[in-house]
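Here's the structure we're looking at; comments come further down.
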Amino acid sequence: MDNGGYKSNLSLNEKLLMGVIRVAEDFKKRSSAIFKNYGLTFAQYNVLRVLNSSKDGVNTVTNVGKIMLVTGANMTGLAKRLERDGYLIRKRHPQDERVTLLEISPKGKQALLNIEREKEENLRRYVGRFSDAEKRAILAQLKDMVAHKRGAETEG
């Protein structure tokens, strides 16, 4: 493919991080196309996934937002749309009315089941050739990068 004479001048560090971003963006694009077939956005799917993995399918809006790295305002909009479409139930915490609980509905659980096969096929496109040991090693390195970045921020 002709690239118009372009020659990358990125450092090895930049190339590595740009590679991570490229994979992540491509994965998100392909995943979003799958979720769209079921009437969900990438973020909505992730809310359902977090709730489905939570004790009794219930968690607070705040906890789901922290897990997903989403702001409270964005979580409120996501939850309202998912509730409107029947994927979850919003309710007040019995001991603290200021806290909103989200509970995955049967329709939400079914949507996750319906998506599962295509989602797994998509995951295999990216990491299927790696052994579990290799996946754990890559994950450990990525976690170390994040932890080291946080440590460097507090030092500076």
Revision key, fill the gap. Taking Cα atoms, the helix 42-52 axis meets the longest principal axis of the chain at an angle in degrees (rounded to 10) of 60 degrees
Study note, to complete from the structure: Helix 72-84: inclination vs the chain longest Cα principal axis, degrees, rounded to 10, gives 60 degrees
Point to revise | Tilt relative to the chain, helix 12-36 - C-alpha long axis, 0 to 90 degrees, to 10 | key: 40 degrees
Exercise for review: About the Cα centre of the chain, how large is the charge dipole given +1 on each Lys and Arg Cβ and -1 on each Asp and Glu Cβ? Please answer in debye to the nearest 20.
Suggested key: 300 debye
Study note, to complete from the structure: Final fewest-first order of ASP2, ASP56 on the 10 Å Cβ neighbour count is ASP2, ASP56
Point to revise | Distance in nm between pseudo-label sites at ASN37 and VAL127 (7 Å out along the Cβ direction from Cα) | key: 2.1 nm
Point to revise | Full-stretch length increase - PHE27, ARG136 - with 0.36 nm per residue and alpha-carbon distance subtracted | key: 37.4 nm
Practice item. Compute the FRET efficiency between ARG90 and LEU16 as 1/(1 + (r/R0)^6), taking r as their Cβ-Cβ distance and R0 = 41 Å, and round to the nearest 0.05. Key: 0.50
Revision key, fill the gap. Rounded to the nearest 500, the 222 nm mean residue ellipticity computed for the chain from DSSP H runs (n ≥ 4, each -39500 (n - 2.57)) alone is -22000 deg cm²/dmol
**Study point:** Structure-derived semi-axes √(5λ) of the Cα gyration tensor in Å - corresponding label in [x] 24, 18, 15; [y] 51, 19, 12; [z] 34, 22, 16
**Key:** [z]
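Each value in this text was obtained by applying a stated rule to the coordinates, not by laboratory testing. Just so we're clear, the structure is a prediction, and the values are computed from it rather than from any experiment. Positions of Cβ are generated from backbone atoms using ideal geometry, with glycine treated the same way; all protein chains shown enter the neighbour counts.
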